[in-house]
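These notes are about the structure you will find just below.
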Amino acid sequence: MRDLIDLGVAELAGRIAGGEASAEEAALQALDAIEQGKHLGAFLTVMADSALAQARAIDAKRRHGARLGPLAGVPIAVKDLLCTRGFPTTAGSKILTRADAGRAAADPTRGWRPPYDATVIERLVAADAVLVGKTNLDEFGMGSSNENSAFGVARNPWDPTRTPGGSSGGSAVAVAAGMTPAAIGTDTGGSVRQPAGLCGVVGIKPTYGRVSRNGLIAFASSLDQIGPLARNVSSAARVLGAIAGHDPRDATSATIAVPDYEAACTRDVRGLRLGVPEEYFGPGLDPDVAESVREAIATLQREGCVVRPVELPHTRFGVATYYIIATAEASSNLARFDGVRFGLRLEPPGGGLDGLYGATRDAGFGPEVKRRVLLGTYVLSAGYYDAYYRKAQQVRTLIRRDFDAAFAEVDLIATPIAPTPAFRLGERVADPLSMYLGDVFTLPASLAGIAGLSVPTRPTRAREDRPALPTGLQLLGPPFSEDRLLAVAATWERVSPTHPLRPPSP
Amino acid sequence: MATSYETVIGLEVHAQLLTASKLFCSSSTEFGSTPNSHISPVTLGLPGALPVLNRRAVEMAVRAALALSCTIHERSIFARKNYFYPDLPKGYQVSQYEEPFSTDGHLEFELEGAVRRVGIVRVHMEEDAGKNVHGVGGDSVVDLNRAGVPLIEIVGAPDLRSSGEAAAYMRALRDVLLYIGVNDGNLEEGSLRCDANVSLRPLGQVELGTRCELKNLNSFRFVQKAIDVEVARQTAILDAGGTIEQETRAFHPEFGTTSTLRSKEDAHDYRYFPEPDLPPLVIPPAMIEAQRALVGELPFARRQRWVSELGLTPAAALILSQHPAVARLFEDTLAAYPQPVQVANWIQTEVLRGARSHGTTMEFGVTSGQLAELLGLVEAGTISGKQAKEVFAVIEGTLRSPRAVVSELGLRVVADAGSLRPLCEELIAAHPKEAAAVRAGKRGILGFFVGQVMKRTNKSAEPKLVNDLFAELLGIGPE
């Protein structure tokens with residue numbers, strides 16, 4: 001039975017709060033679905049016992065007449081980049097797992113157990129959500145295909161030979177395959193939006209500062225944001241409302257009030273100006289993806305949006321700029337994984353302190369993480385800082401100004417979410433640059449720190465070399481315009497001929 | 001002939017700010033606790049932990065920069081200084097680099113009667129590292145209690161020209177920080193630390209020579225000694241036609257020598273970049289004004305005022321102004337008993353003898369009120385100066401009133417010539433030989449008679465009066 005977890009977040013929470021369904025039953029359904037979908041590699045840790053205990057406590061709370069929170073009994077999966085007190089937290093990396101017989105272990109059960117919950121976890125629990133497990137990801141969020149996980153790939157439910165995208169691949173799979181009504185991901189350069197697009201679900205990258213990063217294992221601190229994934233827009237809106245808001249423990253979190261995102265989903269969008277940047281529709285864009293996205297834009301125009309072209313001339317520098325700034329910050333953020341205080345510790349005999357550092361980090365980090373730490377160390381080095389890091393910061397400012405100028409002309413921007421639908425696992429592993437270029441549409445918004453989301457459009461048509469695959473429309477808006485993006489996305493969803501999307505049954 | 005060299009010194013001083021909690025988390029800053037008892041996820045650099053700036057630390061840092069006449073920048077940037085070491089949990093130290101919160105100040109102090117002004121290049125905020133302890137059961141262990149404690153780094157200009165001047169600068173800096181209540185001035189516990197950059201250049205040359213940085217100078221004496229040793233080492237190399245290698249050297253106080261810690265080739269590339277977990281630091285004008293009001297009069301200015309307006313000797317002014325608690329006692333006593341020289345003398349002799357200092361505070365045996373009352377009793381002639389010292393010994397460490405002690409001990413000064421005259425006449429009659437000696441011009445013998453009177457009056461007679469009485473009775477006239 002999946003009748004409960006197939007519901008939207010608001011419907012399910014409403015039924016549980018009203019006593020028509022139990023949180024325990026919803027949790028059982030989710031745990032069963034997770035078990036059924038094991039081959040998809042979505043989860044690194046399943047928190048079955050604690051999920052059931054939490055669900056029963058929520059049911060008991062309701063029986064005692066307490067008012068339940070907005071996520072009452074809703075099973076939620078969380079990317080394993082967020083700290084969960086007492087539960088393995090791995091960042092998809094062997095460096096956060098205890099050594100097994102003197103060697104690094106690809107075993108998430110040996111993962112580091114943090115002494116605290118991330119703020120987002122606290123807020124989910126306070127909203128009466130049920131945490132069912134920790135999802136697979138590219139190591140430290142570094143990747144676009146979930147192939148950089150130390151614990152195995154995650155697979156796209158539309159075609160298990162293909163990537164679900166990344167780095168929040170496990171979260172996208174959990175939602176797309178119907179294991180949980182919603183999940184939490186993190187987005188540094190597109191890591192919520194791109195897997196949402198490739199798996200056919202809704203994903204939000206909130207404005208930088210909208211959601212607290214406290215307890216999020218940092219990849220690139222100036223870019224990282226936590227956001228929800230869900231099967232429809234209003235579900236994502238409700239989860240975002242529960243996790244957003246100021247947190248005194250994150251100095252970069254914004255003090256701006258959180259609007260009612262769910263109510264925004266029914267807002268009238270007629271007259272809103274929708275900018276379409278031609279820079280995002282150039283060569284390299286899969287023609288069927290382009291067509292699908294243009295159909296959605298045309299539909300929104302029919303629904304009363306005013307569509308007009310905008311220019312984002314520095315878009316072409318996005319990839320280079322991102323891979324300088326993000327790797328620079330990562331090289332520093334990952335320095336704390338040194339084998340001294342937590343996680344993996346390998347001590348080659350007679351190796352001394354440098355031996356400890358070297359052996360631990362060599363065995364603990366995967367190749368992509370090492371590549372990025374090396375890149376980041378290089379761009380910050382004496383003699384190269386000005387040419388790379390400082391220059392990248394200057395270009396970042398130009399990219400931000402592109403968006404500022406565009407948002408003086410339009411209310412939001414519509415683009416494809418990725419140049420292609422999900423590619424085959426292994427296809428780009430040997431060519432990191434082609435992998436990086438796949439992020440070309442999501443990186444600029446991350447650099448600008450603005451709000452973004454991905455909403456499914458018509459899947460590409462099945463061809464000889466590939467089945468029908470999801471793709472998505474990316475909507476971008478000025479800082480703290482999530483409500484506006486949700487209104488437009490929900491409008492599209494209401495009239496979309498292919499909503500709700502379901503992956504084909506295996 | 002050997003070239004004459006000019007020594008050029010610049011000090012970099014780290015001062016621990018006296019906040020109750022650390023710079024970026026609420027862990028305690030208390031010194032001397034059980035290792036690793038003042039830690040938090042932030043201190044430990046656990047994944048996911050984020051820094052939140054301690055506002056009190058900012059206030060103290062601003063106060064220090066203002067006391068050093070620095071310009072405060074409304075907007076400044078925290079930066080990460082990246083290097084690997086077990087006492088640095090995050091693998092980077094949060095500091096300030098390209099845009100510190102304050103620059104361009106100076107410090108004035110006296111040296112051998114002359115006023116010296118030394119430039120302060122910048123004052124910035126940063127967090128302390130923890131402490132590695134080697135050889136514990138064959139292991140190296142780490143204590144992170146100190147990790148994350150707020151520091152300011154005060155970068156002095158290379159304006160110092162001798163080791164003595166460097167030590168005097170360091171002392172003056174300690175006095176200022178202690179005065180404004182941001183640092184306890186304790187070099188031994190490491191709450192005030194000094195690195196010295198030392199170079200030599202031929203006299204008359206404008207260009208600076210190659211410098212060496214000296215570390216581990218944890219007393220004023222070591223600052224001076226280490227620089228002397230380093231100047232001698234560099235002089236010998238240059239005299240022999242060699243060149244100075246830029247390096248970091250450690251001072252070994254037990255041997256009075258320095259040795260290479262890191263050569264230039266081994267110097268870290270710290271890969272500084274702006275700390276993305278902290279927004280730019282904005283110091284509002286209101287905070288600057290509030291802190292300016294707390295700076296108050298600094299030791300140097302106070303000393304000058306005391307000498308010129310109150311007539312203290314420079315030496316007395318120096319002693320009384322070094323510690324803010326002593327200065328406060330002096331000024332408070334003066335408010336109730338406005339005789340600066342007497343108050344200064346009493347504090348320097350009786351009061352400071354029994355005083356104990358604890359960082360920014362000091363315990364005295366008496367309050368300003370007790371001291372003023374006691375000095376008032378002497379001035380009124382109720383008791384003699386000598387009796388006052390007896391009373392002081394009784395009231396020290398208590399809150400008793402000197403007046404009450406005087407009446408309890410039955411102390412008083414007999415200053416009535418009429419009542420003393422018969423006693424004096426009696427003594428002259430009883431000691432004819434001594435009386436004759438005085439009449440013959442041996443004035444020194446007068447002391448004998450005065451002493452007899454003091455003995456008979458239980459020291460309550462006014463000695464000057466007694467002296468004058470004998471002079472008159474023995475016909476030798478007053479002095």
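Expressed as a whole percent, how much of the Cα-Cα distance distribution for the range A:324-392 exceeds 18 Å? Don't jump to the answer; show the numbers that get you there.
Details: 1013 of 2346 pairs.
Summing the P(r) tail past 18 Å for the range A:324-392 gives 43 percent.
Within the range A:163-210, the proportion of C-alpha pairs whose separation exceeds 13 Å stands at 44%.
Quick note on the range B:151-245: its Rg to Rh ratio, both from C-alpha atoms and Rh being the Kirkwood radius, is 1.02. Axis of helix B:55-67 versus longest Cα principal axis of chain B: the two differ by about 70°, to the nearest ten degrees. Three semi-axes describe the equivalent ellipsoid of chain B; taken as square roots of 5 times the Cα gyration tensor eigenvalues and ordered largest first, they are 58, 28, 20 Å.
A simple charge model with +1 on the Cβ of Lys and Arg, -1 on the Cβ of Asp and Glu and nothing else charged puts the dipole of the range B:1-148 at about 420 debye relative to its Cα centre.
Taking the Cα centre of the protein assembly as shown as origin and assigning +1 to Lys and Arg Cβ atoms and -1 to Asp and Glu Cβ atoms, the resulting dipole is close to 820 debye. Normalised by 2.2 N^0.38 Å, where N is the number of residues, the alpha-carbon radius of gyration of the range B:417-473 equals 1.00.
Using Cβ point charges alone (K and R +1, D and E -1), the dipole size of the range A:129-272 about the Cα centre works out to roughly 220 debye. Going Cα to Cα from B:LYS433, which lysines come in below 29 Å? Please leave out same-chain ones fewer than 8 positions away. Straight-line reach from B:LYS433, under 29 Å: B:LYS442, B:LYS455, B:LYS459, B:LYS464. Expressed to the nearest 5 percent, the antiparallel share of DSSP beta bridges inside the protein assembly as shown is 80 percent. Considering only B:ALA393, B:VAL366, B:VAL307, and ranking their Cα positions along the charge dipole of the range B:297-409 that arises from unit charges at the beta-carbon of Lys, Arg, Asp and Glu, the one farthest toward the positive end is B:VAL307.
Mind checking which lysines have their Cα closer than 29 Å to the Cα of B:LYS22? Skip sequence neighbours fewer than 8 apart in that chain. Those lysines meeting the cut-off are B:LYS81, B:LYS90, B:LYS131, B:LYS215.
Of B:LEU173, A:ALA91, B:TYR85, which is farthest towards the positive pole of the protein assembly as shown's charge dipole, taken about the Cα centre with +1 and -1 on the beta-carbons of Lys, Arg and Asp, Glu respectively? Toward the positive end, the furthest listed residue is A:ALA91.
Radius of gyration over Kirkwood radius for the range B:297-409, both on Cα atoms: the Rg/Rh ratio is 0.97. Could you work out the percent of alpha carbon pairs in the protein assembly as shown separated by over 39 Å, rounded to a whole number? Pairs farther apart than 39 Å: 56 percent. Using alpha carbons only, how many angstrom separate the centre of the range A:159-225 from the centre of the range B:258-276? So the separation of the two Cα centres works out to 38 Å.
When you work out D = kT/(6 pi eta Rh) for the range A:208-298 at 25 °C and 0.890 mPa s, using the Kirkwood radius from C-alpha pairs as Rh and the Stokes-Einstein form, the result is 152 µm²/s.
Straight-line cross-link partners of A:LYS79 among the lysines, defined as a Cα under 22 Å from its Cα and at least 8 positions apart when in the same chain: A:LYS38, A:LYS94, A:LYS134, A:LYS205, A:LYS370. Rg over Rh for the range B:1-160 works out to 1.06, using Cα positions for both radii and the Kirkwood form for Rh.
Legend: Rg and Dmax of the range B:5-289, from Cα coordinates, 19.2, 58 Å.
Just so you know, all these numbers are worked out from the coordinates, no wet-lab data involved. It should be emphasised that the depicted structure is a prediction, and the values quoted were computed from it without experimental measurement. Here the Cβ is made from the backbone with ideal geometry for all residues, glycine too, and neighbour counts use every protein chain on show.
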